[in-house]
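A quick write-up on the structure given underneath.
The values are calculated or read from the model by the stated rules, or taken from the named source; none is laboratory data. A quick note: this is a predicted structure, and the numbers were derived from the prediction, not measured. So basically every Cβ, Gly included, is an ideal-geometry build from the backbone, and we count neighbours across all protein chains shown.
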Amino acid sequence: MKVKFLGHSSILIEDKNFKALVDPFLKNNPAYIEDPNDILGITHIFITHAHGDHIGDSAEIAEANNSLIIANAEICDILYARHKKLKYHPMHIGGAFRFDFGRVKMTNAVHGSGFRDENGIIHSGGNPGGYVIEVYGKKVYHAGDTGLTIDMKLLEKEKIDIAFLPIGGNYTMDIDDALEAARFIVSKVTIPMHYNTFGLIKADPLEFKNRLLGHIVEILEPSESIEI
Ligand code: NI
Ligand code: MN
């Protein structure tokens, strides 16, 4: 399995015939380094919550690739009202589903999920979440945007291979809380995300790496990949 970091909270997961984006915030993402291959042949798009820096370019990419959109039921409803021809798989927190590539579980995130439409009206995107995505036996946890929650202790039994955790603070966990989260989760590799993209989420990923003793931390620059 190859996982490419696309900057902010966007990742690309590839293995065999599976090619998925999580939170594809690309066009307006100042950290994204464009590569046309990142949006070609996308089979699945996972959306953690409705904030613009996560829902990003989901509809456009799904339309171009006939990708299956996996999101909470409210986001699927909202997208369906606007894009009736796209394919959706609604899920919700605590729910798991076995796809042909493996089991996906939607996890809790402590955050918001509202968004503003073109008329300036705020809609609820349901509860925000994260995902444990198993792909041919390997597991990636994408926490979404979240504060530290004791629920993360439950993830230890999932035996996660790669955990993506926000460290930027202000809207999500900062380094102190992300360290605690990583100690709860005990993944083989921990990768920080959601930092330094905007002014309010400044954090030093090296500090996170140096303080997470006894764990493997990979700091991925946008466009860098990890293979496991
Ligand atoms: Ni958010
Ligand atoms: Mn965010």
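Does Y195 fit the bill of being part of a strand (DSSP E or B) and crowded, with 17+ Cβ neighbours inside 10 Å?
Answer is no for this residue.
Could you say whether any residue in the range 156-170 is part of a helix (DSSP H, G or I) and touching a residue at least 40 places away in the same chain (Cβ under 8 Å)?
Yes: one or more hits.
Just one of the numbered conditions (1) within 16 Å of ligand 1 (Cβ to nearest atom); (2) closer than 24 Å to D174 by Cα; (3) at pLDDT 95 or above is not true of F115; which one?
(3)
Could you please let me know if S113 is away from ligand 2 (no atom under 16 Å from the Cβ) and of a type in the set (G, A, S)?
no
Look through the range 47-76, keep the residues that are assigned to a strand (DSSP E or B) and more than 16 Å from ligand 1 (Cβ to nearest atom), and return whichever of them is surrounded by the fewest Cβ atoms within 10 Å (Cβ to Cβ).
L68
Restrict the check to the range 163-173 and report whether at least one residue is surrounded by fewer than 19 Cβ atoms within 10 Å (Cβ to Cβ) and more than 14 Å from ligand 2 (Cβ to nearest atom).
No - not one qualifying residue is present in the range 163-173.
In this structure, is A64 touching a Lys or Arg at 6+ places or on another chain (Cβ under 8 Å) and small (G, A, S)?
No; evaluated as a whole, the condition is false for this residue.
Restricting to the range 5-16, and then to whatever is touching a residue at least 60 places away in the same chain (Cβ under 8 Å) and either surrounded by fewer than 20 Cβ atoms within 10 Å (Cβ to Cβ) or among the small types (G, A, S) (or both), can you tell me which residue is nearest to ligand 1 (Cβ to nearest atom)?
Of everything passing the filter in the range 5-16, S9 is nearest to ligand 1 (Cβ to nearest atom).
So how many residues does the range 8-46 have that are in a strand (DSSP E or B) and among the acidic types (D, E)?
Number of matching residues: 2.
How many of the residues in the range 124-147 are within 16 Å of ligand 2 (Cβ to nearest atom), surrounded by fewer than 23 Cβ atoms within 10 Å (Cβ to Cβ) and either of a type in the set (D, E) or over 18 Å from A73 (Cα atoms) (or both)?
1
Sort out which residues of the range 90-123 are more than 17 Å from the chain's Cα centre (by Cα), surrounded by fewer than 18 Cβ atoms within 10 Å (Cβ to Cβ), not small (G, A, S) and not in a strand (DSSP E or B), and write them in order of number.
Passing the criteria: F99, D100, D117, E118, N119, I121.
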